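A.B. asks: Please find one structure pasted underneath; my questions will follow.
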Amino acid sequence: MKQLVLATNNKHKAGEFQSLMSDLGVEILTLDQFPQIGEIVEDADTLEGNAEKKAAEVFRATHLPTLADDSGLEVHYLNMEPGVFSSRYAGPGATYADNCNKLLVNLRGVPPRRRAARFRCVLCFLARDDGRSVEEGVCRGVIIESPRGNNGFGYDPIFLPDGSSRTLAEMSSIEKNSLSHRAGAVRLIRPHLISYFQTK
Ligand code: IMP
């Protein structure tokens, strides 16, 4: 079977990608199957930079077609923070709850109409030395005042997608996968994957 390496160590994100791409007929490998690669430092100052860096390092190490992502939450009132620092907003080693709490504290007293936010996911597909495809998905919504729901991960309990009365953490994984930033990015990168794997 054809293989694709998913360049993430985040089990939640890997699970979402596996469901979003289950129909591609491609075996999806994850980084825990390549322990020799070790930790890839995400030190670029953009999501695009980190996705491209991860794709390049993993492709170089595995020589297999690689799909890398970087994602984050951008809050308008906070000048698009936490953005590229989403996973470590409350400091190194912060838990998802720590990050949500810090965001809620920083938005304390801010009225609902000024709590707009968006999740962004940037995907980079690299299968040859001489070309890469980069696509982006966005999910818009607002940050609510206290967490709701137990599903998903990260900022899901405090993010209410536009047009929804439930947070991402109150949705099933199927519902989240129908509207998430990750789903949007996969929709756009899919033709690149299909055209690459068709020729193999
Ligand atoms: P990274 O892409 O692994 O650097 O992680 C980005 C961080 O953004 C995650 O640790 C989460 O805190 C947050 N994040 C990214 N995507 C999602 C999502 O779908 N739901 C909730 N939080 C997310």
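The values are calculated or read from the model by the stated rules, or taken from the named source; none is laboratory data. Keep in mind that what you see is a predicted model, and the values were worked out from it rather than measured. Cβ atoms come from the backbone with ideal geometry, glycine included; neighbour counts cover every protein chain shown. Only protein heavy atoms, including side chains, enter the accessible area calculation; ligands, DNA and RNA are left aside. Shrake-Rupley method; radii C 1.70, N 1.55, O 1.52, S 1.80 Å.
A.B. asks: Run down Glu136, Glu145 and say which single residue is under 30 Å from Asn101 (Cα atoms), among the charged types (D, E, K, R) and more than 16 Å from the ligand (Cβ to nearest atom).
C.D. replies: Glu145
A.B. asks: If you take just the strands (runs of 3 or more DSSP E) that sit entirely in the range 1-119, which of them hold at least 3 residues that are within 15 Å of the ligand (Cβ to nearest atom) and farther than 16 Å from Ile143 by Cβ?
C.D. replies: It comes to 66-75.
A.B. asks: Would you say Thr30 is open to solvent by 10 Å² or more (accessible area, probe 1.4 Å) and under 23 Å from Asp130 (Cβ atoms)?
C.D. replies: no
A.B. asks: Based on this model, can you work out whether Ser178 counts as hydroxyl-bearing (Ser, Thr, Tyr), at pLDDT 95 or above and open to solvent by 30 Å² or more (accessible area, probe 1.4 Å)?
C.D. replies: yes
A.B. asks: Tell me the residue from Glu27, Glu39 that is out of contact with any helix residue (DSSP H, G or I) (no Cβ under 8 Å at 6 or more places or on another chain), at pLDDT below 90 and among the acidic types (Asp, Glu), please.
C.D. replies: None of the other options fit; the residue is Glu39.
A.B. asks: Residues to consider are Gly83, Gly109, Gly91; find the one that is at pLDDT 95 or above and buried (at least 16 other Cβ atoms within 10 Å of the Cβ).
C.D. replies: Gly83
A.B. asks: Please count how many residues of the range 141-155 are assigned to a strand (DSSP E or B) and either touching a His at 6+ places or on another chain (Cβ under 9 Å) or in contact (Cβ under 8 Å) with a residue 40 or more places away in the chain (or both).
C.D. replies: Residues flagged as assigned to a strand (DSSP E or B) and either touching a His at 6+ places or on another chain (Cβ under 9 Å) or in contact (Cβ under 8 Å) with a residue 40 or more places away in the chain (or both) within the range 141-155 amount to 1.
A.B. asks: Moving on to the next point. May I ask you to list pairs of residues, at least six apart or on different chains, whose Cβ atoms are under 6 Å apart, with the first in the range 178-200 being under 24 Å from Gly154 (Cβ atoms) and the second being assigned to a helix (DSSP H, G or I)?
C.D. replies: Within 6 Å, the pairs are Arg182/Glu16; Ala183/Leu20; Ala183/Asn177; Val186/Leu20.
A.B. asks: Please determine whether any residue of the range 1-13 is over 18 Å from Gly154 (Cα atoms), basic (Lys, Arg) and crowded, with 21+ Cβ neighbours inside 10 Å.
C.D. replies: no
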